[in-house]
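Quick note: the coordinates plus some simple rules give every number you see, no bench work behind them. Here the structure is a predicted model, which is why all the values come from computation and not from measurement. Every residue, glycine among them, receives a Cβ derived from its backbone with ideal geometry; neighbour counts consider all protein chains shown.
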Amino acid sequence: MKTDFDFGSRDAAIRTQTYSIVRRLKGLPHALFAQYWRDVHAPLCSRLPGLGFYVQHHFSTERTARLWPVGEGVRQLDIELDGAVEIGFSSVDEAARFIESSPILFGDEVNVFGWDAAYSLPNGSKTFVDNDPDGVPNRVDRLYRLHVYFSERPNGRLGPWLTEFATQLSAQPEVVKLRLHLPEPFDNAHPQPPSPVPHDVIDDMLRIGVIEIGFASALDARRLFESDVFANAVASQATHVQAVAAVLVTHVYTFVRDGKPTMAGLRGSSVAEVIASIGATNHASEQVQRMFVRA
């Protein structure tokens, strides 16, 4: 999976974005939740104006052990999440167009989400390295990919520390992809998004940073975690971090890239998988796609 070419520049068009974490509606089977989120909710969202980037990360609800070394002086943060979603825009004006139209999504959120929280990144996120040639994945994740949540310690300087930490990790040969999200603090007095679904977050999740890190395998991840490089990189962690949580990504679905819906965004993820499996190139033609594009 590791290549000599870095594809990280393809994220440069996203200047502002949100990073949201979600939990499925209580009593809704995980498989049904995942199918609805990617096949029903996603095509609806993908058609809203202004959207430049839309990716869903679906998390494992079973494999949670030994994903990330917590480190001395830092607590293990136990959080139950079913997924995360990135929604990005090429400009503030495009984001405003999307927000104006987004209430149409709120009636659908109650069908599938029991809780969600959207963190604002007015200056976007940063891709440090991306050696994965597939820029629009719609599948089981081929990487061993983690989302790691760092809770800021009072009087800590989480942002600068995480930036330096990400810089050091991204230079290591085991790391195929690393993306850093440093959102603004979450405000429980004005939770986002403004939908009927609950949004309040616990104290440990008010001021966070998130690293998305991908490896070719769990073995590569463990080799890095046991290295002197990693030990040196986390040596000052407890000064800035009070708790850490990690989740394993099982599937990644891309619905909008560079301001245009993908086949999954137009038709739903499952239909896009079938089209790709058959090799039905006619469905990628402009004539056919015009029948499904957003107005």
**Study point:** Highest-first arrangement of 20-27, 112-119, 123-130, where packing means the average Cβ count within 10 Å
**Key:** 112-119, 123-130, 20-27
Study note, to complete from the structure: In nm, the gap between the two label points placed 7 Å beyond Cα toward Cβ at Asp203 and Glu226 is 3.8
Review point. Once the principal axes of the Cα atoms of region 1-89 are found, what is the range along each, listed largest first in whole angstroms?
Key: 43, 41, 26
Practice item. State the extension gain, in nm to one decimal, for the chain segment bounded by Lys260 and Gln192, taking 0.36 nm per residue of separation less the distance between their alpha-carbons. Key: 22.0 nm
Point to revise | Label-point separation, Thr281 to Arg139 (7 Å along Cα→Cβ), nm | key: 1.9
Review point. Rounded to two decimals, what is Rg over Rh for region 8-289 when you use alpha-carbon atoms and the Kirkwood radius?
Key: 0.95
Practice item. State the extension gain, in nm to one decimal, for the chain segment bounded by Leu28 and Asp78, taking 0.36 nm per residue of separation less the distance between their alpha-carbons. Key: 15.9 nm
Practice item. Can you tell me the FRET efficiency between Ile99 and Arg10 if r is taken as the Cβ-Cβ distance and R0 is 25 Å, rounded to the nearest 0.05? Key: 0.55
